[in-house]
Amino acid sequence: METSNERLSLTPNENFYKDGAEYWSKIPPTVDGMLGGFSEISTTDIHSSKTLLKQLFTSTKQPLGRGYALDCGAGIGRITKFLLSDLFDRVDMVEQNPQFLESAKKYLGKTILEKKIGQMFPVGLQDFRPEPGKYDVIWCQWVLGHLTDEDFVAFFERCKLGIKPKGVIIVKENISSGQVEVDTTDSSVTRPMGLLRELFDKAGLDCCRMVKQLGFPKGLFTVYMFVLRPRHEENVGSGE
Ligand SMILES: C[S@@+](CC[C@H](N)C(=O)[O-])C[C@H]1O[C@@H](n2cnc3c(N)ncnc32)[C@H](O)[C@@H]1O
């Protein structure tokens with residue numbers, strides 16, 4: 001894996017998305033493929049995510065609804081299968097690689113596919129526009145490094161409109177310890193905490209909870225979950 005420490009320039013390589021798509025087109029549609037060979041972390045990952053969501057469902061202040069979730073950068077549907085379809089009535093998936101979505105139909109199994117899956121959108125997040133006011137949760141995990149800073153902010157501005165009034169956006173991502181780390185193999189970046197928080201802020205999102213993922217093997221990036229809500233003064237989630 002080739003990496004270099006650089007801040008992603010405002011005008012990234014023009015092939016940034018094309019190179020990312022090409023990388024993923026060669027990856028097998030398996031959990032190991034989705035997790036870069038670390039399929040063993042999947043159970044711990046899902047367990048921690050489930051704990052967080054269950055806490056949000058029972059929050060006395062603003063209990064999270066269990067109607068509709070959106071899985072962003074869904075891959076073959078690992079998160080949809082083990083987390084979202086278990087906790088929500090319905091799940092949509094958005095994924096830039098149409099082959100992964102095709103594989104998802106088998107991977108998820110007939111029951112989940114028929115009873116839980118709404119729509120599958122074969123499109124990059126940089127071009128995706130969620131339907132206004134549709135989702136209780138928009139879940140983004142291990143995919144935001146594939147967006148430029150500019151598209152990241154624009155995507156979350158659209159997501160703010162895609163959630164219900166009490167909905168949340170949840171981000172679960174690797175965090176770099178110093179500057180942005182650029183990975184030229186899969187055409188992605190890993191951002192430091194400061195930059196991630198700055199981009200959330202630019203998108204008009206408040207981080208109301210931040211949880212560090214525990215129990216992953218040493219040598220992997222630190223991972224955090226962020227629970228994000230549109231900043232108060234804005235008129236969002238109304239579907240207008
Ligand atoms: C590391 S995998 C993670 C998959 C899934 N989120 C999980 O945790 O199991 C990254 C996924 O993001 C997808 N992806 C990459 N760039 C994307 C983009 N611009 N828009 C949407 N999905 C993208 C890849 O095709 C791949 O399925």
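At-a-glance table
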| item | result |
| --- | --- |
| Highest-fluctuation residue, Tyr135, Tyr68, Tyr23 considered, GNM on the chain with Cα pairs under 10 Å | Tyr23 |
| Rg ratio (alpha-carbon, reference 2.2 N^0.38 Å) - region 147-211 | 1.17 |
| The chain: most fluctuating residue of Gln55, Gln126, Gln99 per GNM, C-alpha cutoff 10 Å | Gln55 |
| Dimensionless Rg over Rh [region 121-168; C-alpha; Kirkwood] | 0.95 |
| Charge sum, other residues only, whose C-beta stays under 15 Å from Gly215's C-beta, Lys/Arg counted +1 and Asp/Glu -1 | +2 |
| Radius 12 Å from Cβ of Trp24, net charge of other residues (Lys, Arg +1; Asp, Glu -1) | -2 |
| Longest DSSP-loop-exposure-free segment, trypsin sites (Lys or Arg not before Pro), the chain, at most 15 other Cβ within 10 Å | 67-217 |
| Where GluC sites (Glu not before Pro) fall in DSSP loop in region 135-186, at most 10 other Cβ within 10 Å | none |
| Over the chain: Kirkwood hydrodynamic radius from C-alpha pairwise inverse distances, Å | 18.0 Å |
| Beta bridges by DSSP in the chain, antiparallel share as percent, to the nearest 5 | 50 percent |
| For region 128-240: span of alpha carbons on each principal axis (Å, largest first) | 44, 27, 20 |
| Above-threshold pairs, the threshold being 19 Å between Cα atoms, out of Lys106/Lys134; Lys54/Lys212; Lys105/Lys164; Lys61/Lys164; Lys50/Lys212 | Lys106/Lys134; Lys105/Lys164 |
| Bins of 10 Å, starting at 0 and running to the largest distance - Cα pair percent for region 70-122 | 31, 63, 6 |
| The chain - Cys residues lacking any other Cys C-beta under 4.7 Å | Cys159, Cys207, Cys208 |
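None of the figures in this text is laboratory data; all of them are computed from the coordinates on show. Since we're looking at a predicted model, the values are computed, not measured. A quick note on method: Cβ atoms are made from the backbone with ideal geometry, for glycine too, and the neighbour counts reach across all protein chains shown.
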